Amino acid sequence: TKLSSTWDTQVKTLLEACAHISNHLDYSSTAYGAEDQKIATTMRDAGKKAMTPSRIAEYYG
């Protein structure tokens, strides 16, 4: 019974930790997703031309 009780406590602690991590990841995804969208729509080169992903890839090609 003591082993079972200890096991149950450890499993509950692990589940709480997983829930906490999941909540943090959901929050981060939402918060940074909006910031990423803002950056993606406002990124311009010196000539004020939009820097699309394909144009950015040209620099690394």
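The values are calculated or read from the model by the stated rules, or taken from the named source; none is laboratory data. This is a predicted model, so every value here is computed, not measured. These accessible areas exclude ligands, DNA and RNA; they are computed on the full protein's heavy atoms, side chains included. Shrake-Rupley method; radii C 1.70, N 1.55, O 1.52, S 1.80 Å.
Points to keep in mind about this one:
- In Å², nearest 10: area of GLU16 left accessible to a 1.4 Å probe: 130 Å²
- Using every pair of distinct Cα positions in the chain, the Kirkwood expression returns a hydrodynamic radius of 15.5 angstrom.
- In this structure the chain gives 93 Å² per residue of accessible area when probed at 1.4 Å with all protein chains present.
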